[in-house]
Amino acid sequence: MTQSRSLPNKLQPLLPLCTSSVLNVPRPPALAFFRQPGHVIPTKWSLYRPLIAHLKVNPGQSYPHISREIRSLWKKNKGLTSVPQVQGFLTRQYDLLRALQADSRDELQELEQRLTRKHECSDSRKRAQESKEALQSASKPPRLTGAFHRPTLFNPPLPRLKPQPIGLSMMIHNRLRARERRMEKRKLYASLRVDMLLEVSFWKQVEVSRRSKWAPNKNSKSPGGWDVILKEELKTMDARFARENMRAEMVFEKPMLQRIKRAKMRKLQWWKMKKKAAKQR
């Protein structure tokens, strides 16, 4: 024990040895077959395009449901990265292409009928789901919650609704994005106006405007000065900012406050009745 403790520092390893292996290399991200350069000619040009072209050659013998199925299958499977899955998908598509090139009408008619029934069923289910969602949204109109929607730069004072109408949410979202774009545009226009004033002042200092015909009052595009168009744009944007500030400073009207208070009282009474019914159980 004493000998191991008295070993010099140069004989004691500081860190364990690190072994590197090729197996530890991370796997590169897989690339979908539809984006691989090797599939451009044999897959896109020699398979997908001929499939669509054969279905559009004879309008009298068109197969709309086969065309719809082909487009949906390619859209669904173009992100495949597994080699067996890609091989199986392309094999089935090549079989269909050979059937189209051989003009086997009996097989194509049978396939068209099966796909017609399939698409009719899927379309009917989709319409039923859409009508169900529409009825549910119509059966639950927005109601007052008794809370306030405080005024901001993007909305006036409003009562809280549940569920909140999509139109109100989209209005706030669109105004927010419009304000962001307007702020960026104003920064750009302000910087352009400063650059323009500096350039005009430079040319005035070198007395070019006295000896040439291009003076600010001679320009037909900007008769009021070199920066009149930018000043008008900046003035318009500043007016919009001012209207937003006025919107944020709006207050609730008295009738609206009374409606919100009544909704809040009804909500409290409903909660009291619910708690009382739970205690009686």
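The values are calculated or read from the model by the stated rules, or taken from the named source; none is laboratory data. None of the values given here were measured: they were computed from a predicted structure. Quick reminder, even Gly has a Cβ in these numbers, built from the backbone with ideal geometry, and neighbours come from all protein chains shown.
Contact map, region 64-87: residues that are aliphatic (A, V, I, L, M) paired with residues that are surrounded by 15 or more Cβ atoms within 10 Å (Cβ to Cβ) and part of a loop (DSSP other than H, G, I, E, B), Cβ distance under 7 Å, separation 6+ or inter-chain. Pairs shown: Ile66/Leu55; Val86/Leu80.
Taking region 177-205 as the range and being among the aliphatic types (A, V, I, L, M), within 21 Å of Ala248 (Cβ to Cβ) and surrounded by 13 or more Cβ atoms within 10 Å (Cβ to Cβ) as the test, only Ala178 passes. Within the bounds of region 22-31, is there any residue that is at pLDDT 85 or above and surrounded by 10 or more Cβ atoms within 10 Å (Cβ to Cβ)? The answer is yes, given that some residue of region 22-31 is at pLDDT 85 or above and surrounded by 10 or more Cβ atoms within 10 Å (Cβ to Cβ).
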